[in-house]
Amino acid sequence: MLLRFAVKLLMNSAVLIPLLYLLTDGAASPGQLVTAAGLLTVIAFVIGDQWILRESNNGLATIADMGLGGLYFWGVSRYYDWNLSMSDLLILAGMLGVVEFMYHVILQKWDKRKNAFSYDEIE
């Protein structure tokens, strides 16, 4: 499970941190960027991957992660006073959806191979 989380953290951070920096016009500090991306990854891993993805499918889990990401960044934007517009939030949610879809495909391939990364071996 730790490897699954590490891959998600790496994928999300690689996309979200530079994108947030661009969308905030550099107003976000490096600490804010890392904290925002990291906390979203933790929340999305617990809700999207450990709960929704196990009980449904990639499509529903991806949509849930997109909605969660949009709401999360709306709140973070207000907290940090980043002034992200609705279109900025839609871009963030859309990019997060693409990354999450790819991440879920990776998980499915790991599970099909029945290797050490399988949910079946954890339960």
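A short reminder: the numbers here are calculations on the coordinates, not readings from a lab. These numbers were taken from a predicted model, which means no experiment stands behind them. All Cβ positions, even for glycine, are placed from backbone atoms using ideal geometry, and neighbour counts span all protein chains on display.
A few remarks follow.
- Only Lys, Arg (+1) and Asp, Glu (-1) charged, at Cβ; the stretch 8-123 dipole about Cα centre in debye: 220 debye
- For the stretch 100-112, 3J(HN,Hα) computed residue by residue from phi via the Karplus equation (6.51, -1.76, 1.60; θ = phi - 60°) reads 5, 4, 4, 4, 5, 5, 4, 4, 5, 5, 4, 5, 5 Hz, glycine and proline entered as x.
- Principal axes of the chain: Cα extent on each, largest first, Å: 45, 24, 18
- Inter-label distance for residue 55 and residue 83, nm, one decimal - labels placed 7 Å from Cα along Cα-to-Cβ: 4.1 nm
- Whole-number percent relative contact order across the chain, with pairs defined as alpha carbons under 8 Å at least 6 apart: 32 percent
- Listed residues 111, 88, 65, most fluctuating in the chain (Gaussian network, C-alpha, under 10 Å): 111
- Here the Gaussian network model covers the chain, with springs between Cα atoms less than 10 Å apart; of 89, 39, 107, 39 fluctuates the most.
- Neighbourhood net charge (10 Å Cβ-Cβ; Lys/Arg +1, Asp/Glu -1) for residue 44: -2
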